Amino acid sequence: MTNLAVSPEAAALFAGDSELAQRCRALDWSATSLGPVDDWPTALRTAVRMALECPFPINMWCGPELLLIYNDAYRDVLGIKHPASLGRPGREVWGEIWPEISPMFDAIRAGGAPIYAENARFIMDRESGPPREAWFTFSLSPIRDESGDAIAFLNVATETTTRVRARYDVQRLWEESEQARANVQASEARYRFLANAIPVQVWTATPDGKLDYVSDLTAKYFGKAPDELTGEGWLGVLHLDDIAPTAGQWEQSLASGAPYEVEFRLWSAAHASYRWHLARATAQRDEHGAIIRWFGTNTEIEEQKRAASKLQRLTVEALEANRAKGDFLAAMSHELRTPLNAIGGYAQLIEMGLRGPITEEQRVDLLKIQRSKNHLDGLVSDVLNFAKMGSGKLDLRVRPISIRQTVDAVIEMVAPQLVQNALHLEPYDTPNDGHILADVDRTRQILLNLFANALKFTASGGTITPGVRVEPDVVMISVRDTGIGVPAEQLDRIFEPFVQARRSLDSRDHGFGLGLAISRQLARAMGGDVTVRSEVGRGSTFTLTLPRAGV
């Protein structure tokens, strides 16, 4: 290090001192307000030498201008890496905190006691970085001359920022832990409140499956204390026949972590009997996916079980009744066919003159007899078909069939009635190669019913319009008429068995009301449906929808 020329006074003061003292020789102390070194009081020279040699952060504020003299350790406190502040006034070096510390010097000069401050907070604006928050523990003591005047101040300072921040961090962590504990306690309190407020049994279990909590409401249901049910104590209120299947399901959930759901019977103290419950549990996992707790509930389903049992019994009874009804209708239909065939046969013999000559009036009566017989035959066929569908004995031969051939065949069958009723038939269009997946005979039966319905309720001079619409998955065959229509309140009922919409008082409005019901059931049996749109006074459109073949 280069030694600069100094005054004799400075050389005498720092002779034989440390390396720092040698650097301080660069200062011409005689040029400062301190005056020649020889004129310095002994106390000041001693303090300066002690400050420069002390291993602790010490500095001195000398003279009226409070010039700084400091050792190596204090340079770190200053936050600089070179002695640029040595011998400069403190208000220049410590400008950012000078308003806070200058009153301390004034107070001591005025006779005040030395100052000791622990963990005092300052905002430091040093050359080594941006302003920062820092804490110091320091003392400020006067150095007085023979007359008692403070000619300098000895300052021992240690930065305690790290310690203070650590303490603050500990305090913050403690407060956070306290808050976390309070939150957990509050959460547990809310959980327990909810567990006792909701009308189900609430419980929790450890990862190995042992109950560690049951709500007060749960314990009350069994007439036991909560601690009697924890662990494996709950098995004591489980029906003996349900222990093995319940335990097996619980073990599977514990092993796999899958949600737990099982039905079993638990003892009810209030009813003094076992009652059915539905138990569910879900695993709570930590951030690594490990199960830390199971949360479960038991819900009493005794009434639902009884209702389900009753419904099952009633369903069986209804099915038996329906089967008996179907068997009766089928038997009745077969029995009616015998006398009807006899009536038709004898009427034909008479008409043929095998029983003797007949008059024209008799021939007209015989025609009426045959017509009535044919009508009864149709009714008996409807009843028989309905009985077969109700008993599940209806055979269907579903295969791809031509749309055009099927519709044309039906139109050919109803053509005489169209002419007889003076009704106009609109032409329709359909792809020649279009096919549906259905039973050909049942499809014709459905379409005949739809055309017959249109014929029945369309006055002379009206129009019947068939239509075919091919969609990607289905084909819709419609029959639209200009008849009297169906009231909106009856649209949902016309497909019910033995129900007829009161659409007219015409003598043609007769029958059992099975045609549309059978048609819909047949369509649905083939994967389709029959629907209706209608407006009173403007007619109805019935649509048969069936799966498209080849899709």
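Tabulated results
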{"quantity": "Qualifying residue in region 274-287 (condition: in a loop (DSSP other than H, G, I, E, B), modelled with pLDDT of 90 or more, closer than 26 Å to Leu229 by Cβ and among the small types (Gly, Ala, Ser))", "calculated": "no"}
{"quantity": "Qualifying position, being under 19 Å from Val164 (Cβ atoms) and touching a strand residue (DSSP E or B) at 6+ places or on another chain (Cβ under 7 Å), among Met104, Met60, Met124", "calculated": "Met124"}
{"quantity": "Residue pairs meeting the criteria (Cβ under 6 Å; at least 6 apart or on separate chains; first free of Cβ contacts under 8 Å to residues at least 60 places away in the same chain, in region 92-117; second part of a loop (DSSP other than H, G, I, E, B) and surrounded by 13 or more Cβ atoms within 10 Å (Cβ to Cβ))", "calculated": "Val93/Ser85; Glu96/Asp125"}
{"quantity": "Count of residues meeting criterion [among the small types (Gly, Ala, Ser), in contact with a Lys or Arg (Cβ under 9 Å, 6 or more places away or on another chain) and closer than 13 Å to Gly485 by Cα] in region 457-471", "calculated": "0"}
{"quantity": "Cβ pairs under 8 Å, 6+ apart, first in region 286-304 and closer than 22 Å to Leu235 by Cα, second modelled with pLDDT of 90 or more and charged (D, E, K, R)", "calculated": "Gly296/Arg280; Thr297/Arg280; Thr299/Arg280; Glu300/Arg275; Ile301/Glu263; Glu302/Arg275"}
{"quantity": "Residue check for Ala409: assigned to a helix (DSSP H, G or I), under 58 Å from the mean Cα position of the chain (by Cα) and of a type in the set (Gly, Ala, Ser)", "calculated": "yes"}
{"quantity": "Residue satisfying condition, being over 30 Å from Gly550 (Cβ atoms) and of a type outside the set (Asp, Glu), within set Gly434, Gly462", "calculated": "Gly462"}
{"quantity": "Any chance Gly539 is modelled with pLDDT of 90 or more and surrounded by 22 or more Cβ atoms within 10 Å (Cβ to Cβ)", "calculated": "yes"}
{"quantity": "Test: residue in region 272-290 that is surrounded by 10 or more Cβ atoms within 10 Å (Cβ to Cβ) and farther than 25 Å from Ser253 by Cα", "calculated": "yes"}
{"quantity": "Tabulated pairs, region 137-154, first within 13 Å of Trp61 (Cβ to Cβ), second of a type in the set (D, E, K, R) and part of a strand (DSSP E or B), C-beta under 8 angstrom, 6+ apart or interchain", "calculated": "Ala150/Arg144; Ile151/Arg144"}
{"quantity": "Conditions (1) in a strand (DSSP E or B); (2) free of Cβ contacts under 8 Å to residues at least 60 places away in the same chain; (3) not charged (D, E, K, R); number of the one not met by Tyr221", "calculated": "(1)"}
{"quantity": "Qualifying helices (runs of 4 or more DSSP H) (wholly inside region 53-169; at least 2 residues being surrounded by 15 or more Cβ atoms within 10 Å (Cβ to Cβ), at pLDDT 85 or above and assigned by TED's automatic domain parsing to the domain that holds Ala43)", "calculated": "98-109"}
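Yes/no per residue for (1) at pLDDT 80 or above; (2) in contact with a Phe, Trp or Tyr (Cβ under 7 Å, 6 or more places away or on another chain); (3) assigned to a helix (DSSP H, G or I); (4) not small (Gly, Ala, Ser):
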| site | (1), (2), (3), (4) |
| --- | --- |
| Ala347 | no, no, yes, no |
| Pro357 | yes, no, no, yes |
| Leu366 | no, no, yes, yes |
| Gln370 | no, no, yes, yes |
| His375 | no, no, yes, yes |
| Ser381 | no, no, yes, no |
| Ala387 | no, no, yes, no |
| Arg404 | yes, no, yes, yes |
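The values are calculated or read from the model by the stated rules, or taken from the named source; none is laboratory data. Since we're looking at a predicted model, the values are computed, not measured. Every residue, glycine among them, receives a Cβ derived from its backbone with ideal geometry; neighbour counts consider all protein chains shown.
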